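The values are calculated or read from the model by the stated rules, or taken from the named source; none is laboratory data. Quick caveat: nothing in here was measured; it's all calculated off a predicted structure. Methodologically, a virtual Cβ is constructed for each residue, glycine included, from the backbone with ideal geometry; neighbour enumeration extends over all protein chains shown. Just so you know, the surface numbers come from the protein's heavy atoms only, side chains and all, with ligands and any DNA or RNA stripped out. Shrake-Rupley method; radii C 1.70, N 1.55, O 1.52, S 1.80 Å.
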Amino acid sequence: MSQSQVVANNVIQGEVKTRIDRWLARYPDDQKQSAVIAALRIIQETQGGHLTKELMDQVAEYLEMTPISVYEVATFYSNFEHKPVGKHKICLCTNISCMLRGSDELLSYLEKKLNVKVGEVTPDGKFSIKKVECLGACGGAPMMQIGQVFYEDLTEARVDEILDNLE
């Protein structure tokens, strides 16, 4: 690969670099790895919603970490995706409180309504479904998260309303 191809494929530049550098400024110069979660989140957010090996390698190089150290973080935390997701990633809690209040039935409903299974993306790229552990809203079970928004006390009708109102 030529040097121009490497530069052309480098996503850590411009606003992305500025955002990562803001996180780096919070830590001592010899502790760049402390910004790995923030860097991965920024890269995932700006590069289509999931991380590739190549993107993680760029984070490793920029933070002066070994690639395996970045992979370990990216695969440990469930908020990092490693394959394409829909524009609206539906994270449905399936932990005990939500399960007892109907999340399994809601999951079946979502899969039927969207005609996709967990981990798949609708043909229009608009939705994907992910089962997640506790999202910390047990009092409002069952619940789901889409983007940065939590939706609690879900019913099939409420799910329809929420999905219909997404762009």
- Item | Unit charges on C-beta of K, R, D, E only; dipole of segment 54-108, Debye | 380
- Quick numbers on the chain, Rg and Dmax over C-alpha atoms in Å, give 18.4, 56
- Task: Treat every Asp and Glu Cβ in the chain as -1 and every Lys and Arg Cβ as +1, leave all other atoms uncharged, and give the resulting dipole magnitude about the Cα centre to the nearest 20 debye.
- Result: 80
- In the structure shown, do any of 32/126; 17/131; 32/130; 87/131; 17/53 have a Cα-Cα gap over 28 Å, and if so which? 32/126; 17/131; 32/130
- Message: Based on alpha-carbon centroids, what's the gap between segment 104-154 and segment 8-48 in Å, whole number please?
- Response: 29
- Grab the beta carbon distance between residue 112 and residue 54, set R0 = 35 Å, and tell me the FRET efficiency rounded to 0.05. 0.45
- Query: Could you give the length gained on full extension between residue 82 and residue 149, defined as 0.36 nm per residue of separation minus the Cα-Cα distance, in nm?
  - Reply: 21.9 nm
- Item | Contact order normalised by residue count of the chain, Cα under 8 Å, 6+ apart, percent | 17
- Note on the structure: Per DSSP, the loop-located trypsin sites (Lys or Arg not before Pro) within segment 106-150 having at most 16 other beta carbons within 10 Å are 117, 126
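Per residue, how large is the accessible surface of the chain? Use a 1.4 angstrom probe and give square angstrom. Don't skip to the answer; put the middle values down first.
Details: 9720 Å² over 167 residues.
Accessible area per residue, the chain: 58 Å².
On full extension of the chain, what length is gained from residue 30 through residue 45, given 0.36 nm per residue of separation minus the C-alpha to C-alpha distance?
Values: separation 15, 0.36 × 15 = 5.40 nm, distance 2.60 nm.
Working it through step by step, the gained length comes to 2.8 nm.
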- Item | Helix axis angle, 14-24 relative to the chain longest principal axis, alpha carbon, degrees | 90
